[in-house]
Amino acid sequence: MHPLLQRAYDPEYFRESGYQLIDLLAEALAAWQRREGAVTHYEPAEDALARWQQAMEGGGRDPLDFFRQYLDETIRLHHPHYIGHQTGVVAPVAALAELAGALLDPGMGVYEQGNVGVVWERLLVRALAERFGMDGARADGFLTSGGTLGNLTALLCARQRQVPGDAWMHGYGGRQYAFLVSEEAHYSLAKAIQSMGMGARGVVPVPTDARGRMRADLLEGILAKARAEGIEVIGVVASACTTALGTYDPLEAIADFCARHGLWLHVDGAHGAAVAFSERYRHLVRGIERADSVIMDFHKMLMTPTLVTAVVFRRGEDSFRTFVQKASYLWTEDETAEWYNLAKRTFELTKPSLSVRVMALWRLFGPELFGANVEHLFDLARRCHALLQAASDFETALPEPEANILCYRLCPAGVPADRLDALNQAVRQRLVEEGDFFIVQTRVQGRLWLRSTLINPMTTEADFARLMDRLRKMAAEVRAAG
Ligand SMILES: Cc1ncc(COP(=O)(O)O)c(C=O)c1O
């Protein structure tokens, strides 16, 4: 055997470099929890590309050096000053589960290779459905690689059920079908609908209220208008919660509307459906039990590595409608609903071992861990919001948050309203370049807001207060620089 191959598969090389890596990561985690070091080392993309282009000759590297460099150059979501996107902060043991899954790497497409991982998917999805208030024995679904793909898979299924004839086989026959989608819905929904060949008119926008929640009271009028224009509406997409503001659409009212008109209800719960694990916050998704399909990302608030999205169908049999394909080398009964041959229902054929990441947390800590994290983060967001409200030089987009997402901005005395967007944008850019904190920005109601998802359970109010001070100082610097 080639000596390189020998080394690549040598269990002792794996053991030695593995122990070194775990030590390195454990020390880094501890240092970040002590708030040591920066969150990120900002470097313009072109510079990083040029630097790495020079360093591409492979081979002969020490594993520890390699991993140390990767660590140095990668943003630290575990640092309590990471208060940016909704990207989950991975529970370290879930990363170990991923390591096991990645090493064994069976592929989850068919049961004879996926084995226990396939069984876990079904059990996890049904347990989640029960937490939504659905009948766990009737519900079914699977895990897939991300909310974007989950939304597309669910909407394809909706199309197959709602469009007369067989859209999978014969397309739309020249007719214009559409979903009603809130103006604040995640852009992956428009991406899905347009990828399904329904065109831009396939997305009929529904206005939102001042908090970014779908105006359920407008649905009847919008449906009537769409029909008058020759558009056949097949479903409604609700958000639980929205990405920018973190607010929940009124699911019960939307479910009533769907029931009245025989429309499919899809709930994009990528971020916020995780409240189903919390006694205190579950009320935010009241009505979700009536959805035809729901997606939820474990890799946001539920602490698993990306990407692990549950796609849940209230009537499990629906999940078999999406793709009707023949692959006789993989399964024996082409048209039967073999729940254990997952690739019949997912986009992926070879799929990573997603379930082991969730099941590890479930078995080691119990699902109470998920509820504890949701409650901790939601409570923390409320306390940080109170700090913003108490400060006269900050304003918030919402009177109070619904989830763990805050949109806020500096409004120092003496700065004209039409200069605030530019000021906040410049301040955020400086902050990210400095690397001590990481936050993001968004546009809501035509204005630019700083945006923080309280996603790291190690973050405290004191961290957030320090962030506010840092933003104030930077605003003064930006203003002084003219
Ligand atoms: C509401 C919502 N839906 C869908 C997505 C897309 O999920 P993913 O990034 O896992 O593809 C996001 C991502 O932030 C989201 O917030």
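Some observations on this one:
- Volume in Å³ per residue [convex hull over Cα atoms, computed for the chain]: 177 Å³
- Considering only beta bridges that DSSP places wholly inside the chain, some 55 percent are antiparallel.
- Backbone geometry of segment 269-278 corresponds, through the Karplus equation with coefficients 6.51, -1.76 and 1.60 at θ = phi - 60°, to 3J(HN,Hα) couplings of x, 3, 8, x, 5, 4, 4, 4, 8, 10 Hz, x marking Gly and Pro.
- Cα shape, segment 1-142, gyration tensor, a/c 1.5 rule: oblate
- Gain on full extension, evaluated as 0.36 nm per residue between Tyr19 and Phe365 minus their Cα-Cα distance, stands at 122.2 nm.
- Taking a straight line from the alpha carbon of Lys473, these aspartates and glutamates sit under 13 Å away, with near neighbours fewer than eight places off in the same chain left out: Asp393, Glu434.
- Protein heavy-atom surface of the chain, 1.4 angstrom probe: 55% of the accessible area is carbon and sulfur, with nucleic acids and ligands not counted.
- Residue by residue, segment 401-409 carries 3J(HN,Hα) couplings of x, 9, 10, 9, 10, 10, 10, 8, 7 Hz when phi is fed to the Karplus relation 6.51 cos²θ - 1.76 cosθ + 1.60 (θ = phi - 60°); x denotes Gly or Pro.
- Spin-label pair Ala372-Ala465: with each label point 7 Å from Cα along the Cα-Cβ axis, the two points sit 2.6 nm from one another.
- With Cα atoms as the point set, segment 1-51 shows a radius of gyration and Dmax of 17.1, 47 Å.
- With 10 Å bins from 0: P(r) over segment 106-366, alpha-carbon pairs, percent: 7, 32, 36, 19, 5, 0
- Nearest-10 value in Å² for the accessible area of Glu252, using the 1.4 Å probe: 80 Å²
- q = 0.27 Å⁻¹: log10 I(q)/I(0) that the Debye formula gives for segment 136-183, counting C-alpha atoms only: -1.08
- Phi angles of segment 282-296 translate, via the Karplus equation with coefficients 6.51, -1.76, 1.60 and θ = phi - 60°, into HN-Hα couplings of 4, 4, 5, 10, 4, x, 5, 5, 9, 5, 6, 9, 9, 10, 8 Hz per residue; Gly and Pro are given as x.
- Under 16 Å from Lys225, Cα to Cα: aspartates and glutamates that are on another chain or at least 8 residues apart: Asp217
- Over all pairs of different C-alpha atoms, segment 72-171 has a mean inverse distance whose reciprocal, the Kirkwood radius, equals 17.0 Å.
- Cβ-Cβ FRET estimate between Glu27 and Val93, R0 fixed at 22 Å, reported to 0.05: 0.85
The values are calculated or read from the model by the stated rules, or taken from the named source; none is laboratory data. This one's a predicted model, so the numbers in the text were calculated from it and none came from an experiment. Here the Cβ is made from the backbone with ideal geometry for all residues, glycine too, and neighbour counts use every protein chain on show. Remember, those area values only see protein heavy atoms, side chains included, never the ligands or the DNA or RNA. Shrake-Rupley method; radii C 1.70, N 1.55, O 1.52, S 1.80 Å.
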